[in-house]
Every structure is written in structure tokens, then in C-alpha cells.
1. What is the one condition in (1) crowded, with 16+ Cβ neighbours inside 10 Å; (2) out of contact with any helix residue (DSSP H, G or I) (no Cβ under 8 Å at 6 or more places or on another chain); (3) over 30 Å from Ile339 (Cα atoms) that Arg410 does not satisfy?
2. So which helices (runs of 4 or more DSSP H) stay within segment 94-188 end to end and still have 2 or more residues that are modelled with pLDDT under 90?
3. From the list Ala75, Ala66, which one is out of contact with any Ser or Thr (no Cβ under 7 Å at 6 or more places or on another chain) and buried (at least 20 other Cβ atoms within 10 Å of the Cβ)?
4. For segment 215-307, which fully contained strands (runs of 3 or more DSSP E) count at least 2 residues that are over 35 Å from the mean Cα position of the chain (by Cα)?
5. For Ala333, are the conditions met, namely being within 22 Å of Tyr381 (Cβ to Cβ) and touching an Asp or Glu at 6+ places or on another chain (Cβ under 8 Å)?
6. Out of the residues in segment 291-323 that are farther than 26 Å from Arg254 by Cα and modelled with pLDDT of 90 or more, which is surrounded by the most Cβ atoms within 10 Å (Cβ to Cβ)?
7. Let me spell it out: the conditions are (1) touching a strand residue (DSSP E or B) at 6+ places or on another chain (Cβ under 6 Å); (2) surrounded by fewer than 20 Cβ atoms within 10 Å (Cβ to Cβ), and Gly155 meets all of them except one. Which number is the exception?
8. Sort out which residues of segment 6-21 are surrounded by 12 or more Cβ atoms within 10 Å (Cβ to Cβ) and under 17 Å from Gln139 (Cβ atoms), and write them in order of number.
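The values are calculated or read from the model by the stated rules, or taken from the named source; none is laboratory data. Here the structure is a predicted model, which is why all the values come from computation and not from measurement. Glycine gets a Cβ as well: all are built from the backbone with ideal geometry, and neighbour counts include every protein chain shown.
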Amino acid sequence: MTMAYEDYRDANSRWVDRIPAHWRIERLKFVARPQASNVDKHSKDDEIPVRLCNYTDVYNNAQIIADMDFMEATATQAEIDKFALTDDEVIITKDSESWQDIAVPAHVPNAIEGVLCGYHLTQIRPDQEQLDGRYLYYQLCSAALNRQFQVKANGVTRFGLPAYHIDNAETVIPPIDEQRKIARFLDHKLGQIQALIEKKTKLLEQMEEQRSSVITRAVTEGVDHPDAYRETGFAWLPKVPASWSFKRLRFLLREPLMYGANEAAEFEEPDWPRFIRITDVHANGTLRPETFKSLPPEVAAPYKLVAGDILLARSGATVGKSFKYDDSWGAAAFAGYLIRARFEPEFADFLTWYLRSQPYWEWVKGNFIQATIQNISAEKYSNLWVPVPPKAEREHIVAHIETEMEQIERVRQSIDKAIVCLAEYKASIITAAVTGQIKVV
């Protein structure tokens, strides 16, 4: 249960407007001992074997506990004495490629034997009579109070937080018993919120499974249950309806498959044709506006796309991924790690969905050319066998899938919105609790 405090006073702080009358604002150095670690990842023969709590351990975890997979390294006895993990301390990131990742905290509930705090991190050891470590962790999670670390970080391409600004950071200090009560409240409340977020996230996963299932069933069986099937001879698609034909991809093309432009993505001229790379494509098949690159018109000309063209990723982690171009996105050309498939119009929509089906991805997995990176050539793609329903049935299948996808997308957006709202509520309740805007009882 929560309520407001009876009496408040001006906090005289840039970060907090008011605090309960019996709370105080202190510089961190007066209620804790921050220390930046200088323990590197190197192993030396003349040093003692240890394990390191590194940047990613802190960045990716709310708590640092003994059963985590820590990196093996070595350290001097002096470093072990100074940087060992102790009870109820907090570790924060002090260096990062982004100022938004400065002062990300993790709590160490209990000392961990043989584990040291690694480089790019700062340990904060609270004065146990004045500051509870779990409460400090939550305070560092508060956007209002964490922002002071972010704005004090120095750098251009990499940011670092000087010790002076950590030492002199403003900290909101309630009585110690009240700190512990706040920490227990947040443990419980945030646990409930996180459980809801995880349920919603699980629903999103199920929506993706449903999306894949709807597409796969429609493009391999049709919308209405067929009376008879025929064998294909392929493990990735054993049978198709007897009334369907089965053709290689190249026989459905209007033009031969074509590789994209081997040009550097270095221009951002808005009036030039967009230079599409597979990393520009959202999972929902739209283009990311923030990754816009362009090509000079004369360079783009041989590679310009027309409505209905499908781009196929031919190498790397995205191999097999496909994207259908819509001319409402404006003039565009495509990059060298993509292959353009220009189909006869009557096949394009059906094939767009087939290239998202489970049998297609089974074929992709079975056709990697293993060199230094995974690769599927244009020749391989051209020999992909595709089920081909009669024209009227193809149109029926496409209409059915599009209707189902619209419904699934509406539900997905609703779940996404709920997750965002829960995350915002989680952040707001942390700030409200650690700045005294609500009273925990």
C-alpha cells in the first residue's frame, strides 16, 4: 500500500523538486565509497587466478550472484584485496559507447569469493549505517537521479564518467529502516510487473508462431482442405494438394535473378534513389527511416526496383530473408548482398508469402554454402522448388493470409502497447518510491 507523506520540503536539487521533510540529500561520497576498478582481462603467470565481473555482467543483470559464468583472469594480491565483491554493494558501468548506458547498476547481495570487479566499472560500497545497497540500486535505476550521471559523462564516440562526478552525485537519503522498506516494496511490486511483462512477451512469441503457422498452412495446403495430395519427394515439403503444380523458381520469373550494386553506403541525399540493404528492413517488411542511404542516380539506374520486386538476402546472418518492394517508398536500388527476383505479376503476391513459410526456411537451412560465411547463390535460389496453386486459388490464399495477418498485427500492436505501458509504470514507480513521492507502508 502507498500514500503521500504528510510533510515535504524543497530538495534544493537539480534532479528532485521535493523530498519528505525528514529525508536529506547527500553527496554519494559521504554515504558510500565509490572506487573505479583497474583490473584488466589479461592473465599473467606471476599473478593469482581470479574471476572477473565484467561490463556485460553488470549491464545485463540486476543482480550479481555466485553461479554466474564469470571470466577467468589473474590479479595481484593488492587488486584482490581492493576489488573483491563484498556484501550489499552496487556496481555501475562508468564507460560506454553511448551516454545512455552510463551508470547502469547491478546489486551484489552477497560477497562472492574469488570474483573481482573488472575494468570499465565502478564499485560503490555503502556505509551500512546510512545507506542500504538494494535501495541504492533502485535509486540508480531511477531516471530522475540516473540522469545526472549521463549528463556528466565525457566523450564523443565513447563516453566515460569521471570519479569526481560519481563521488559528488546527489543521493536521496531516507532513514535506513525506511530505505529497506522501500527496497522490499520495490522488489515485490516490480516482481509483479515483470511477471506481467513476461506473460505479454510470451504472448508475442505465440503470435509469431501463429503468424508462421497461418502462412505455412495456407501456402502449402490452401485455405480449404483438399481431398487429395501428391508426394513431392522433398523432406522440407513432403506433399502438396493434388491439383497444384510444382515448379522451380526460375520458371516463375519475368527476368533472371540479379545481384545488387557493390557500392559503399556513404550518401544520404534525400532526392537520390534509396540504397536498400537487408539491414534496412523491419521484421514487418517495412523500411527503417533511420538507416536511410542513397546512391547517385546514374549508379543506381541498373539496379532500380519496380513494384512487386522481391529481394533475397544471399549471405551472412540474414541469408534467406526476403523483402517485397513497394513503389510508395520512392525510387530505390539494392545492395550487392541482395538478389532481385522479378516475378510475373500473377505469382508475386503468393511467392511473397511462400518465402516466409516454414518449408522455405527448412530449404534455406539445407542449402547454405559454407565458406567463411553462410551463402545462397542466385543459382541455388533459381532452383528452389515452389508449390503453385491454380490462379484463382492463389488469389484466394493471398486474400486469406492478408486478412489473418491484419488481425494478428492488431493484436500484436495491442500487446506491444501494454508492454510499453508496463515498462513506463515500472520506471515511474521506482522514481516515485526512491524520491519520496509515495510513502510505502
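1. For Arg410, the exception is condition (1).
2. 143-152
3. Unique residue meeting the criteria: Ala75.
4. Of the strands (runs of 3 or more DSSP E) lying wholly inside segment 215-307, those with at least 2 residues that are over 35 Å from the mean Cα position of the chain (by Cα) span 229-234, 237-241, 245-248.
5. The answer is no for Ala333.
6. Looking at residues that are farther than 26 Å from Arg254 by Cα and modelled with pLDDT of 90 or more, I get Ser294.
7. Only one criterion is unmet by Gly155, namely (1).
8. Ala11, Ser13, Trp15, Val16, Asp17, Arg18, Ile19, Pro20
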